[in-house]
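As structure tokens, the structure follows; a few thoughts come after it.
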Amino acid sequence: MAVVYTVNGWSKLWPMKTRTIIMMLTPLIAGLVIGCSSAPKPNFSEKEAIAIARTYDQKSEKPAYCFDTKGRNPNDYDYTNFRHTASATFKSNGLWLVTAKSSYNYERSESPSTDSLWWRQHLEPPNNFPESQEYDCLYLVDDDTGKVRPN
């Protein structure tokens, strides 16, 4: 049994009880803080988020061609050296950040198709047309709804 004596009206055992209580409550409080502040778990996988962004880009009225793997005018141009990357990162705000990049080299085919949309719009091919093209895009995919916001 502990002997309690007082000095100027204060118990000598009180500081020891307070430290013990604080040390016992610290792991409990830390566990609650960590458990309550953890990031949400995603509904989609990385591949699914990329597929949603790809579908959005391909169905868009003005596609950004960030998922392009064929070239914009395969009848009129020979495309080479395709490079494509896509990745998705889940953020704590419940959004997927999808990055996509496509690039390639091209040159005019020997006999361009006169039926192609590009040829009908531009009767004369420009002389200073670039020999390579690069598309780089960011998309935000809402993990709850699957809706895409271009960035």
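Would the stretch 137-148 turn up any residue that is among the small types (Gly, Ala, Ser), modelled with pLDDT of 85 or more and at positive phi?
Taking the stretch 137-148 and keeping what is among the small types (Gly, Ala, Ser), we get 146.
Now restrict to residues that are modelled with pLDDT of 85 or more: 146.
So of that shortlist, the ones also at positive phi come out as 146.
Yes: the stretch 137-148 contains one or more residues that are among the small types (Gly, Ala, Ser), modelled with pLDDT of 85 or more and at positive phi.
Tally up the residues in the stretch 49-63 that are among the charged types (D, E, K, R) and surrounded by 20 or more Cβ atoms within 10 Å (Cβ to Cβ), please. Show your work before the answer.
At the first step, the residues of the stretch 49-63 found to be among the charged types (D, E, K, R) are 54, 57, 59, 61-62.
Remaining after also requiring surrounded by 20 or more Cβ atoms within 10 Å (Cβ to Cβ): 57.
Residues meeting the conditions: 1.
The residue of the stretch 64-80 that is surrounded by the fewest Cβ atoms within 10 Å (Cβ to Cβ), among those that are touching a residue at least 40 places away in the same chain (Cβ under 8 Å) and closer than 19 Å to Arg108 by Cβ, is Asn75.
Considering only residues that are part of a loop (DSSP other than H, G, I, E, B) and more than 15 Å from Lys101 (Cα to Cα), look in the stretch 51-71 and name the one that is nearest to the chain's Cα centre (by Cα). Quick ask: steps written out before the conclusion?
First, the residues of the stretch 51-71 that are part of a loop (DSSP other than H, G, I, E, B): 60-71.
Restricting the remaining residues to those that are more than 15 Å from Lys101 (Cα to Cα) gives 60-62.
On the way: Ser60: 19, Glu61: 22, Lys62: 21 Å.
Ranking the candidates gives Ser60 first.
The values are calculated or read from the model by the stated rules, or taken from the named source; none is laboratory data. As the structure is a prediction and not an experimental result, all values here were calculated from the model. Ideal geometry is used to build each Cβ from the backbone, glycine not excepted, and the neighbour counts take in all protein chains shown.
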